[in-house]
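Here the structure is laid out as structure tokens; the discussion comes afterwards.
What follows is calculated from the coordinates using simple rules that are stated; it is not laboratory data. Keep in mind it's a predicted model, so treat the numbers as computed, not measured. Every residue, glycine among them, receives a Cβ derived from its backbone with ideal geometry; neighbour counts consider all protein chains shown.
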Amino acid sequence: MVAGLLFVIGLVSVLASLGFIGLAAPDLLARVNAATAANADMLATALAIGRDLQWAVTPIVGGLLLMAVSRIIVLLAAINRSLRGNA
């Protein structure tokens, strides 16, 4: 029960963050296209875009970690059940 809840919370966190990044994608693509057309420094452009998206690192990594912890809990529960046997 707890593992399922952790998994759902992590999944919602990751999907919501990816959704918000998707909403910002047209602006980011326009910046890349403008930098390419102006023959600007692409490394500086990539770093600027990375700085704009740094807010998304914490919820995505945190959500993935919650999902991993929930899978570990499910695995340990399955191992515990299998070691008890049928007796």
### Summary
Among [x] 58, 21, 21; [y] 74, 20, 15; [z] 38, 25, 24, the entry matching Cα extents along the principal axes in Å as calculated here is [y]
### Task
Would you calculate the separation in nanometres between label points at residue 31 and residue 53, each defined as 7 Å from the Cα along the Cα-to-beta-carbon direction?
1.0 nm
### Task
Could you give the DSSP H helices of the chain that reach 24 angstrom or more along their long axis (alpha carbon positions) and whose average Kyte-Doolittle hydropathy is no lower than 1.6?
2-37
### Query
How much length is gained if the chain between residue 84 and residue 71 is pulled fully straight, taking 0.36 nm per residue apart and subtracting their Cα-Cα distance, in nm to one decimal?
2.7 nm
### Query
Where does each of 42, 67 land when they are ranked from fewest to most other beta-carbon atoms within 10 angstrom?
42, 67
